[in-house]
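The values are calculated or read from the model by the stated rules, or taken from the named source; none is laboratory data. The model shown is predicted, which means the values in this text are computed figures rather than measured ones. Because the Cβ atoms are built from the backbone with ideal geometry, glycine has one as well, and the counts that use them run over all protein chains shown.
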């Protein structure tokens with residue numbers, strides 16, 4: 001639900017902004033969204049005892065360094081409409097929107113073994129050519145028995161599971177007998 005509301009606000013921002021200012025807003029709102037992970041900050045922002053003006057002041061002080069009247073007015077609009085809680089969704093949707101506009105995406109490679117940098121670079125360049133986009137990949141070690149590449153912005157998930165391959169080989173041998 002928050003994503004849908006955030007998309008409406010972003011649509012309004014896009015209509016009056018160029019790509020560079022959208023990138024700046026993405027940076028500002030990403031940093032602001034990280035503040036929402038802090039329990040103390042969240043308690044103050046969500047508290048009904050803290051008045052709207054104080055909440056507005058806190059948020060405007062947090063984005064003061066951006067020195068942008070458009071961002072300040074946008075924050076004031078969010079506070080006025082009691083939409084402060086969608087700031088993380090706005091940051092997320094702005095990142096997706098910028099990624100789509102610039103065709104630059106980030107992906108993750110999941111595996112239970114360490115993957116060397118050359119393989120990551122090769123996978124990244126291969127996917128970039130295949131999907132006509134710039135894709136940068138990072139590696140995450142976890143308990144997945146195989147290798148899985150996930151590029152969320154493009155909706156790509158490539159999966160090679162050792163367990164699945166083993167079961168398919170066994171199934172094929174059983175059918176052959």
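Looking at (1) under 27 Å from residue 152 (Cα atoms); (2) free of Cβ contacts under 8 Å to residues at least 12 places away in the same chain; (3) over 18 Å from the mean Cα position of the chain (by Cα), can you tell me which one residue 17 breaks?
(2)
Only one of 7, 114 is part of a helix (DSSP H, G or I) and either under 30 Å from residue 157 (Cβ atoms) or within 15 Å of the chain's Cα centre (by Cα) (or both). Can you tell me which?
From the options 7, 114, the qualifying one is 7.
Return a yes/no flag: does region 125-132 have any residue that is part of a strand (DSSP E or B) and over 20 Å from residue 101 (Cβ atoms). Break it down into steps so the answer makes sense when it comes.
Initial filter on region 125-132 (part of a strand (DSSP E or B)): none.
No: region 125-132 contains no residue that is part of a strand (DSSP E or B) and over 20 Å from residue 101 (Cβ atoms).
From 146, 155, grab the single residue that is touching a helix residue (DSSP H, G or I) at 6+ places or on another chain (Cβ under 6 Å), closer than 30 Å to residue 95 by Cα and without any contact (Cβ under 8 Å) to a residue 60 or more places away in the chain. Talk me through it step by step, then tell me what you get.
Working: 155 fails: touching a helix residue (DSSP H, G or I) at 6+ places or on another chain (Cβ under 6 Å).
Exactly one of 146, 155 is touching a helix residue (DSSP H, G or I) at 6+ places or on another chain (Cβ under 6 Å), closer than 30 Å to residue 95 by Cα and without any contact (Cβ under 8 Å) to a residue 60 or more places away in the chain, namely 146.
Is it the case that region 158-169 has a residue that's surrounded by 17 or more Cβ atoms within 10 Å (Cβ to Cβ) and assigned to a helix (DSSP H, G or I)?
Taking every residue of region 158-169 in turn, none turns out to be surrounded by 17 or more Cβ atoms within 10 Å (Cβ to Cβ) and assigned to a helix (DSSP H, G or I).
Quick one: residue 176 ticks every box in (1) over 21 Å from residue 117 (Cα atoms); (2) surrounded by fewer than 14 Cβ atoms within 10 Å (Cβ to Cβ); (3) under 34 Å from the mean Cα position of the chain (by Cα) bar one, so which box is it?
All conditions pass for residue 176, except number (3).
Of 20, 46, which residue is surrounded by fewer than 15 Cβ atoms within 10 Å (Cβ to Cβ) and closer than 28 Å to residue 104 by Cβ? Walk me through it before giving the result.
Values: 46 fails: closer than 28 Å to residue 104 by Cβ.
Testing whether each residue is surrounded by fewer than 15 Cβ atoms within 10 Å (Cβ to Cβ) and closer than 28 Å to residue 104 by Cβ leaves just 20.
Here are some conditions: (1) surrounded by 13 or more Cβ atoms within 10 Å (Cβ to Cβ); (2) at pLDDT below 90. Residue 108 meets all but one. Which one does it not meet?
The number of the failed condition is (2).
Give the residue, chosen from 76, 70, that is in contact with a helix residue (DSSP H, G or I) (Cβ under 8 Å, 6 or more places away or on another chain), part of a helix (DSSP H, G or I), free of Cβ contacts under 8 Å to residues at least 40 places away in the same chain and surrounded by fewer than 16 Cβ atoms within 10 Å (Cβ to Cβ).
76 is the lone residue from the list that is in contact with a helix residue (DSSP H, G or I) (Cβ under 8 Å, 6 or more places away or on another chain), part of a helix (DSSP H, G or I), free of Cβ contacts under 8 Å to residues at least 40 places away in the same chain and surrounded by fewer than 16 Cβ atoms within 10 Å (Cβ to Cβ).
Residues 94, 119: which one is modelled with pLDDT of 85 or more, surrounded by 11 or more Cβ atoms within 10 Å (Cβ to Cβ), touching a helix residue (DSSP H, G or I) at 6+ places or on another chain (Cβ under 8 Å) and part of a helix (DSSP H, G or I)?
That would be 94, the only listed residue that is modelled with pLDDT of 85 or more, surrounded by 11 or more Cβ atoms within 10 Å (Cβ to Cβ), touching a helix residue (DSSP H, G or I) at 6+ places or on another chain (Cβ under 8 Å) and part of a helix (DSSP H, G or I).
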